[in-house]
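Read-outs: derived from the displayed coordinates by stated rules, not from any lab. As the structure is a prediction and not an experimental result, all values here were calculated from the model. Because the Cβ atoms are built from the backbone with ideal geometry, glycine has one as well, and the counts that use them run over all protein chains shown.
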Amino acid sequence: MKVLALGHDVVAADDPRFAELRQPEARVVWELTQGDILREVYFEADRPNAVLVFEVPDVAAARAALDGLPLVAAGLIDFDVIPLRPYTGFAHLFREA
């Protein structure tokens, strides 16, 4: 299952813990990527919020991965978790009238 996770700050971005946890955060993101759990990682173009795309068995697995991120564990950021399904609209192009 693909799961989209949209990050947002829980505390002010100038909290000094952000700087302390950036390297540990990047390491865990790398490990999730190498573990074939996290497939895509982005930042929003107009703000520094993370956008993550997981390939996991279910939403609970994505949430567990997110909870293991140092910035989430420290209560600095959180994510809206959105399960995705394939687009089926193209089938309308091939239906007989």
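Anything in the stretch 40-57 that is within 17 Å of Val28 (Cβ to Cβ) and among the small types (Gly, Ala, Ser)? List them, or say none.
Ala50
Just need a number here: residues in the stretch 1-23 that are in contact (Cβ under 8 Å) with a residue 60 or more places away in the chain and closer than 18 Å to Tyr42 by Cα.
8
Pairs needed: first member in the stretch 40-54, in contact (Cβ under 8 Å) with a residue 12 or more places away in the chain; second member anywhere, of a type in the set (Phe, Trp, Tyr); C-beta distance under 8 Å; at least 6 residues apart or different chains.
What qualifies is Asn49/Phe43; Ala50/Tyr42; Ala50/Phe43; Ala50/Phe79; Val51/Tyr42; Val51/Phe43; Leu52/Tyr42; Leu52/Phe79.
Any residue in the stretch 64-79 that's surrounded by fewer than 20 Cβ atoms within 10 Å (Cβ to Cβ): show its pairings with residues that are among the small types (Gly, Ala, Ser) and not in a helix (DSSP H, G or I) at Cβ separation under 8 Å, as long as the two are six or more apart or on different chains.
Partner pairs satisfying both residue conditions: Asp78/Gly7.
Step by step: first the residues of the stretch 24-61, then only those that are of a type in the set (Asp, Glu) and loosely packed, with under 14 Cβ neighbours inside 10 Å, then the one that is farthest from the chain's Cα centre (by Cα). Which residue is that?
The initial filter retains those residues of the stretch 24-61 that are of a type in the set (Asp, Glu), namely 25, 31, 36, 40, 44, 46, 55, 58.
After this cut, where a residue has to be loosely packed, with under 14 Cβ neighbours inside 10 Å as well, the list is 31, 36, 40, 44, 46, 58.
On the way: Glu31: 14, Asp36: 13, Glu40: 8, Glu44: 12, Asp46: 17, Asp58: 14 Å.
By that ranking, first place goes to Asp46.
So, Leu93, is that one farther than 10 Å from Val3 by Cα, surrounded by 14 or more Cβ atoms within 10 Å (Cβ to Cβ) and not charged (D, E, K, R) or not? It would help to see each step written out before you state the result.
Values: farther than 10 Å from Val3 by Cα: yes; surrounded by 14 or more Cβ atoms within 10 Å (Cβ to Cβ): no; not charged (D, E, K, R): yes.
It is false that Leu93 is farther than 10 Å from Val3 by Cα, surrounded by 14 or more Cβ atoms within 10 Å (Cβ to Cβ) and not charged (D, E, K, R).
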